[in-house]
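Working notes for the structure below.
The values are calculated or read from the model by the stated rules, or taken from the named source; none is laboratory data. Quick caveat, the model's predicted, so the values are computed rather than measured. Positions of Cβ are backbone-derived with ideal geometry, glycine not excepted, and every protein chain shown enters the neighbour counts. Note: accessible area is taken over every heavy atom of the protein model, side chains too, but ligands, DNA and RNA are not part of it. Shrake-Rupley method; radii C 1.70, N 1.55, O 1.52, S 1.80 Å.
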Amino acid sequence: MDLKTAPNGVATIEDRILRITGYYGYYPGYSTQKRGEVAQANIENNQENQEKSWCQSCISTFLKIVWGFLIILSVSSSWVGTTQIVKITYKNFHCPFFMTWFSTNWNILFFPIYYSGYLATAQEKQSPIKKFRECSRIFGEDGLTLKLFLKRSAPFSILWTLTNYLYLLALRKLTATDVSALFCCNKAFVFLLSWIVLKDKFMGVRIVAAIMAITGIVMMAYADGFHGDSIIGVALAVGSASTSALYKVLFKMFLGTANFGEAAHFFSTLGFFNLIFISCTPIILYFTKVEYWSLFSTLPWGYLCGMAGLWLAFNILVNVGVVLTYPILISIGTVLSVPGNAAVDLLKHEVIFSVVRLAATIIICIGFLLMLLPEEWDEITLRFINNLKEKKTEEHGEDTTESSLYSRSRSRANGTVSIPLS
């Protein structure tokens, strides 16, 4: 018989069938060769798929980094612009609560802007009402009801208004650089509240960061000797950071995480609540002459609209950035507003920074960056150090081997043989 018997006999049977049926192009061992060709083709396809997936992952990572870089610049620029426009507005208009109320009303535009982007990018489109109901699930399975509207929107709207109002009041007492640096302490307050209320994981490095934030606050207050507008401004800025931290912790506790559509719905709901229920406050302040202006035509509408537009853009960019890039880059964009405001204060307003204020700002910013470290940062660092040590050991071993081979070759060329000592 001219056929070699396979270990399981299958190849022989297949070859017999092909020979008996007179399959065109048959020769002994045909089925075995075909099976090998198929296996080789599968290996090549797997390699191509792996290369394609690797290329796609590299491209997606690169795009995320590019988007992150653009969003960092946009977030920091919008926050710097908002803060500086408030300082300019204060030259002719001293009504911080009206400015807070006016800018919060612009949150109503959040969901329409989101829906416009949704229509431009989505393949399967939904009606505005259907999309609104879908995004309203952030309030519960039943969606947004009147009871939930009052129960959920009221506390968050009050905290939102307090945060912005205290921030604007602090800008009347301190420079934009000081206020933006003190506001960065909200990251430390979020950690402390989450650790106490939400029972989040304890991290020693974040405790150190919180201590650094508190140290920076004390140094900022001490810069002018614990008296005058400085201590009041520091207290207002720290109060703004505290209410912001409380807002974030309560949001995580009662509403959890939200996607971009749900966040847009929530912000628009806050805007409606502000327009309906909080509009009475600026009216009361106007008639009591606490915040008074002569005519509506004399109001700096350009600055007010610019401030509100940049504030809205900042909130949109923060929520869009979480979708397009890494969340840590959004936080970096926020802390970069501190040197941005410092550059504007130094070049335009000719502010002279004392050594104590500069040191306090740097300490707060370092504490903010320490807060951004992941929970497994120590394990990642140890793994990275061990990998470096292993690479150095391998390189040292290769260098030793090459040098020994080189010395042996030279000794042989000189007619001598080197005998290694045992």
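Summary of computed values
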item	result
Pairs, first under 17 Å from Ala241 (Cβ atoms) in region 334-357, second open to solvent by 30 Å² or more (accessible area, probe 1.4 Å) and in a helix (DSSP H, G or I), C-beta under 7 Å, six or more apart	Val335/Leu369
Region 236-291, subset more than 22 Å from the chain's Cα centre (by Cα), β-branched (Val, Ile, Thr) and within 28 Å of Arg137 (Cβ to Cβ), residue most open to solvent (accessible area, probe 1.4 Å)	Ile276
Helices (runs of 4 or more DSSP H) wholly inside region 89-173 that include at least 2 residues being of a type in the set (Val, Ile, Thr) and in contact with a Ser or Thr (Cβ under 8 Å, 6 or more places away or on another chain)	96-105, 146-173
Test: Ile330 is over 16 Å from Val179 (Cβ atoms), open to solvent by less than 20 Å² (accessible area, probe 1.4 Å) and of a type in the set (A, V, I, L, M)	yes
When residues of region 123-159 are limited to those that are under 30 Å from Cys305 (Cβ atoms) and aromatic (Phe, Trp, Tyr), the one most open to solvent (accessible area, probe 1.4 Å)	Phe132
Of all residues making up region 298-314, the number that are open to solvent by 20 Å² or more (accessible area, probe 1.4 Å) and either within 25 Å of the chain's Cα centre (by Cα) or acidic (Asp, Glu) (or both)	5
Test result for Ile366, closer than 28 Å to Leu193 by Cβ, open to solvent by 20 Å² or more (accessible area, probe 1.4 Å) and touching a residue at least 12 places away in the same chain (Cβ under 8 Å)	yes
Single residue of Thr61, Thr21, Thr104, Thr32 found to be of a type outside the set (A, V, I, L, M, F, W, C) and at pLDDT 80 or above	Thr104
Subset of region 103-122 that is within 25 Å of Ser297 (Cβ to Cβ) and touching a helix residue (DSSP H, G or I) at 6+ places or on another chain (Cβ under 6 Å) - its residue that is most open to solvent (accessible area, probe 1.4 Å)	Trp106
Positions within region 339-381 being hydroxyl-bearing (Ser, Thr, Tyr) and in a helix (DSSP H, G or I), in sequence order	Thr361, Thr381
Region 205-237, residues that are of a type in the set (D, E, K, R) and under 12 Å from Arg357 (Cα atoms)	Asp224
Residues located in region 160-173, provided they are farther than 12 Å from Ile278 by Cβ and open to solvent by 10 Å² or more (accessible area, probe 1.4 Å)	Thr163, Leu166, Leu169, Arg172, Lys173
Residue list for region 187-205, filter: in a helix (DSSP H, G or I) and either more than 22 Å from Ser337 (Cα to Cα) or open to solvent by 10 Å² or more (accessible area, probe 1.4 Å) (or both)	Lys187, Phe189, Val190, Phe191, Leu192, Leu193, Ser194, Trp195, Ile196, Val197, Gly204, Val205
Identity of the residue in region 206-235, β-branched (Val, Ile, Thr) and more than 24 Å from the chain's Cα centre (by Cα), that ends up least open to solvent (accessible area, probe 1.4 Å)	Val234
Cβ-Cβ under 8 Å pairs, at least 6 apart or on other chains, region 129-149 side without any contact (Cβ under 8 Å) to a residue 12 or more places away in the chain, far side loosely packed, with under 14 Cβ neighbours inside 10 Å	Leu148/Gly140; Leu148/Asp142
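Listed here are the residues, each with its yes/no results for (1) more than 27 Å from Val338 (Cα to Cα); (2) out of contact with any Leu (no Cβ under 9 Å at 6 or more places or on another chain).
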residue	(1), (2)
Ala122	yes, yes
Gly140	yes, no
Leu146	yes, yes
Asp178	no, yes
Phe183	no, yes
